[in-house]
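Participant: Got a structure for you, written out below as structure tokens; questions coming shortly.
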Amino acid sequence: MSMNWSELEKVATSWVYEAGQKIKKTLAGPIDIETKSNPDDLVTEVDRSIEEFFYEKIQTTYPEHYFLGEEGIASEEPSLEGTVWIIDPIDGTMNFIHQKQNFAISVAVYHNKVGMIGIIYDVMRDELFHAVRGDGAYLNNVELPPVKERPLHESVIGLNARWLVEEKNQYRNPLKALVRDVRSIRSYGSAALEMAYVASDRLDGYLSVQLSPWDYAAGIVILNEVGCVASNFQGDPLSLTEPGTLFASKPILHKEIISVYIGEEY
Ligand code: IPD
Ligand code: CA
Ligand code: CA
Ligand code: CA
């Protein structure tokens, strides 16, 4: 039996709203914070409990589906053959902790490696971006128009300024050149939201030197529906299993920035 992706998107969206309510409730009390790979790589009990919430819902409702989440809650290995949910329970954990805003839930469903559903929910602003493959992208159920290009010198680009000063970042110089040439840069601290902002024309592009599949899986589906492109810095398709560079933008700008700035390794 083939899956009705629009129906599945509605179910997924109802879970996302439910998860958003749960996250909001936790903001009233103290939150237990831990570090992961380094002192600035933060995780909270809320990240884990929200991932668990999705995992249990999916296991109960769609036991044949696979699950890939940032916090590694699933007990079995995900497979990219068949249907897999790729979830970041809180994207922008640092914002969640420090600002209590500017974070998102990111939920994607892929079928045989093709992105079918993408949902990015800014919990505190109550902005829900969603797309089903072939069916357009929406912000709070209002369809997003196909994006319009702007020349590079009028473009506003999402980029974490840390990448410009990190000695070991091989893209430091090309990124500096890009920052000089565009109109301005912005850093929102949530890759998922920054991709949604490209899709909704709040940004013209977004670049990151290091992201993981759960950061961008939903964003790719939403961006594709408005004619945007998401790839690595070489212009190749993004991996659903390995971390790497990410560059999402409007298509003409995408070509220009890859060929003039970041496409070659420096
Ligand atoms: C992080 C955010 C951030 C990006 C980091 C990600 P997390 O995700 O998307 O904007 O710069 O690379 O790891 O850990 O808050 O889910
Ligand atoms: Ca994290
Ligand atoms: Ca993330
Ligand atoms: Ca996360």
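No lab work stands behind these numbers, since they all come straight from the coordinates. Just so it is clear, the structure is predicted and the values come from calculations on it, not from any experiment. Cβ: placed from backbone, ideal geometry, glycine included. Neighbour counts: every protein chain shown.
Participant: Can you list the residues, at least 5 places off or on another chain, whose amide H is less than 5 Å from the amide H of Gln210, using H built in the peptide plane?
Facilitator: Leu246
Participant: Right, something else. Pairs of alpha-carbon atoms within less than 8 angstrom and 6+ residues apart define the contacts here; what relative contact order does the chain have, in percent?
Facilitator: It comes to 15 percent, rounded to a whole number.
Participant: Going by how many other Cβ atoms sit within 10 Å of their own, how do Ile258, Ile33, Ile58, Ile86 line up, fewest first?
Facilitator: Final ranking by Cβ density, sparse to dense: Ile33, Ile258, Ile58, Ile86.
Participant: OK, next. If you rank Val198, Val46 by fewest surrounding Cβ atoms within 10 Å, what's the result?
Facilitator: By the 10 Å Cβ count, ascending, the order reads Val46, Val198.
Participant: Beyond 24 Å between alpha-carbons counts as too far, so tell me which of Lys36/Lys255; Lys10/Lys57; Lys36/Lys100; Lys176/Lys250; Lys22/Lys100; Lys22/Lys113 fall in that bin.
Facilitator: Over 24 Å Cα-Cα: Lys36/Lys255; Lys22/Lys113.
Participant: Beyond 15 Å, what percent of the Cα pairs of segment 112-209 remain?
Facilitator: 65 percent
Participant: Arranged from highest to lowest average of other beta-carbon atoms within 10 Å per residue, in what order do the peptides 190-197, 242-249 appear?
Facilitator: Those peptides, ordered most packed to least, come out 190-197, 242-249.
Participant: Next question. Stokes-Einstein D for the chain at 10 °C, 1.306 mPa s, Kirkwood Rh over Cα pairs, in µm²/s?
Facilitator: Translational D for this selection: 85 µm²/s.
Participant: Just to confirm a number: summing +1 for Lys and Arg and -1 for Asp and Glu over residues other than Glu166 whose beta-carbon lies under 12 angstrom from that of Glu166, what do you get?
Facilitator: +3
Participant: If each DSSP helix of 4+ residues adds -39,500 (n - 2.57) and the sum is divided by the residues in the chain, what number results at 222 nm, nearest 500 deg cm²/dmol?
Facilitator: -10000 deg cm²/dmol
Participant: Just how large is the dipole of the chain about the Cα centre, in debye to the nearest 20, putting +1 at every Lys and Arg Cβ and -1 at every Asp and Glu Cβ?
Facilitator: In debye, rounded to 20, the chain gives about 880.
Participant: Largest first and to the nearest Å, give the Cα extent of segment 5-143 along each principal axis.
Facilitator: 40, 37, 25
Participant: With +1 on each Lys and Arg Cβ and -1 on each Asp and Glu Cβ, and nothing else charged, work out how big the dipole of segment 152-262 is about its Cα centre, in Debye to the nearest 20.
Facilitator: Its charge dipole is roughly 320 debye.
Participant: Now, a different point. Give me Asp41, Asp88 ranked fewest to most by other Cβ atoms within 10 Å of their Cβ, as a rough exposure proxy.
Facilitator: Exposure proxy ranking, most exposed first: Asp41, Asp88.
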